[in-house]
Amino acid sequence: MYRSTYYLILAAIFAILPFDQAEAQTTGVFCAKRSGDRTVIFRSSQCPKGSQRVTGTTGATGATGVAGAVGATGATGATGSTGAVGATGATGDTGATGADGAVGATGATGATGDTGATGADGAVGATGATGATGDTGATGADGAVGATGATGATGDTGATGAVGATGATGATGDTGATGAVGATGATGATGDTGATGAVGATGATGATGDTGATGAVGATGATGATGDTGATGAVGATGATGVTGSTGATGAVGATGATGATGPTVHMGNTNGTALSATATQYLAVHGAFTPNATEANAYMLIISPCTATDLLVSLGTTPNNGVGTQTRTFTVMKNGAATALTCSISETASSCSASGGSVSFVATDTIDIRSGVAATPAASTAAYSIICS
């Protein structure tokens, strides 16, 4: 019962905190879980076993008011009452784990309870008679610790008043047509040219006669009046922004692809820094650092699961050539103490050999090793080798 009451209190607290429904749909719900003497609150797409979902019923969305003209900011509306805490819904299927939600604000610390009264001192034991020391009187019991005062209830957080709606922007008027250009005034008539004076009679040579006066220039006609500029048309109204489409659901996770085929097993080894014999046949273990041994039983290993040996590769630290004749080292894969067709040789100045395309089948408990043979006393050399057994 106490746990149910506790979760109801948590639900009430979350009901009055700001809650983004869109965020909850994408990042999960709030869950509460007891851990010792603490309560852990976290966000998840699904509350796991042992925790309790904390949520309340979302109030109905109020109808959208008619957009008013742009004006002064409206007064802050009164705080609406907190809706009742909704009943706990049935546990849904476990979904994918959402991102961790933000840590909720720490509630106010309740007032410290009064300190309990100090218990009365125990009675002092009676003094024994003079002589033998009397037994020490029993220590009086400690007074009971006063009960811890109840934690004060956390005051409700007042809801933030709704912000007044911004009035719609008034529509911009249409752009007016450009006024016609006024007609150019007519050019004034050119004044008449004054009459040319009569040529005087040629007088006797002597003084030049006076030049006749220039006729007056005609008056310039008046410039026609400029037509009025047409008024600028109003800007057309901006169209409303389209509603953003909802986010599509996340597609289902694709099926896991088939497991690829098992790759081949590679057995690798070396002579552990020890030179191969120049005169005797020796045997090599197919795995790890191994000192060459003249007895095959000391070198072979057991096959743990069926496989087919297809490739052999050997590399020498020193070429077989010792300057006299042709020196060779031959390496052969052994099965249950018998030579197989998987073999290769290194002669003279060569330092490696390989055999591929073979098909030597092994089953569990078969033995496998490599035989090292010599011809014409090759130079001493270490070796490294590998076998592919698929």
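Summary of values
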item: Candidates Val266, Val243, Val235, filtered to the one that is more than 30 Å from Ala297 (Cβ to Cβ), in contact with a Ser or Thr (Cβ under 8 Å, 6 or more places away or on another chain) and modelled with pLDDT of 70 or more; result: Val235
item: For Thr340: the one exception among (1) under 11 Å from Ile387 (Cβ atoms); (2) surrounded by fewer than 18 Cβ atoms within 10 Å (Cβ to Cβ); result: (2)
item: Some residue of region 347-368 being under 15 Å from Val286 (Cβ atoms), open to solvent by 60 Å² or more (accessible area, probe 1.4 Å) and not in a loop (DSSP other than H, G, I, E, B); result: no
item: Top-ranked residue in region 263-320 [being part of a loop (DSSP other than H, G, I, E, B) and aromatic (Phe, Trp, Tyr); ranked as most open to solvent (accessible area, probe 1.4 Å)]; result: Tyr300
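The values are calculated or read from the model by the stated rules, or taken from the named source; none is laboratory data. In this text the structure is predicted, and so the values were computed from the model without any measurement. Backbone-built Cβ (ideal geometry, glycine too); neighbour counts: all protein chains shown. Accessible surface areas use protein heavy atoms only, side chains included; no ligands, DNA or RNA. Shrake-Rupley method; radii C 1.70, N 1.55, O 1.52, S 1.80 Å.
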